[in-house]
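This report refers to the structure that appears directly beneath it.
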């Protein structure tokens with residue numbers, strides 16, 4: 001096959017490309033708005049990064065010219081500044097119970113410093129009510145107790161509330177039991 005001159009090949013190639021692009025035009029037109037939005041978002045993010053870099057460089061330069069003072073305002077107090085005499089919160093064997101998602105639901109004896117006396121509490125040396133053993137109350141989570149509350153009588157609820165107040169005094173458990181007693185007696 002003979003080779004066509006360069007100019008002819010160039011014109012034929014341009015014509016074929018124009019035809020291909022014309023066939024893709026309906027799909028390309030639909031994509032243009034998204035392409036423009038994407039490029040605009042990229043441009044804005046790049047500009048924000050450049051501004052942040054300039055601010056960081058400015059901070060570094062100002063820190064070298066004017067070193068920061070490590071002063072703490074008089075009104076600011078932090079946990080590290082508090083006396084070591086007072087415990088910071090509830091603890092079992094010296095471990096803080098404020099760690100983790102379920103810190104409120106951890107067992108153990110309450111601290112005597114912040115513990116509020118329960119008015120209807122039973123003596124600690126008294127035997128637990130029958131309902132405690134029947135439900136295996138000590139091992140129940142808050143959700144498990146909530147699921148079983150509807151089947152209990154008001155007397156059983158009051159016994160559980162008194163037992164909780166005399167033993168662990170967990171606020172979520174006491175609130176749940178008190179609310180259930182209120183709803184049950186309102187009927």
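Bear in mind that the values in this text are calculations on the coordinates, not laboratory data. Quick caveat, the model's predicted, so the values are computed rather than measured. Neighbour counts are summed over all protein chains in view; Cβ atoms, including those assigned to glycine, are modelled from backbone coordinates with ideal geometry.
Structure values in brief
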| item | result |
| --- | --- |
| Point-to-point label distance, residue 60-residue 184, nm (Cα→Cβ direction, 7 Å offset) | 6.7 |
| For the range 119-187, radius of gyration divided by Kirkwood radius, i.e. Rg to Rh on alpha-carbons | 0.92 |
| Theoretical FRET efficiency, 1/(1+(r/R0)^6), r = Cβ-Cβ of residue 150 and residue 130, R0 25 Å, to 0.05 | 0.85 |
| Computed over the range 11-67, Cα set: Rg, Dmax in Å | 22.7, 70 |
| Efficiency of FRET from Cβ geometry, residue 52 and residue 14, R₀ 35 Å, rounded to 0.05 | 0.20 |
| Spin-label pair residue 23/residue 74, simplified geometry with 7 Å Cα→Cβ offset, distance in nm | 8.3 |
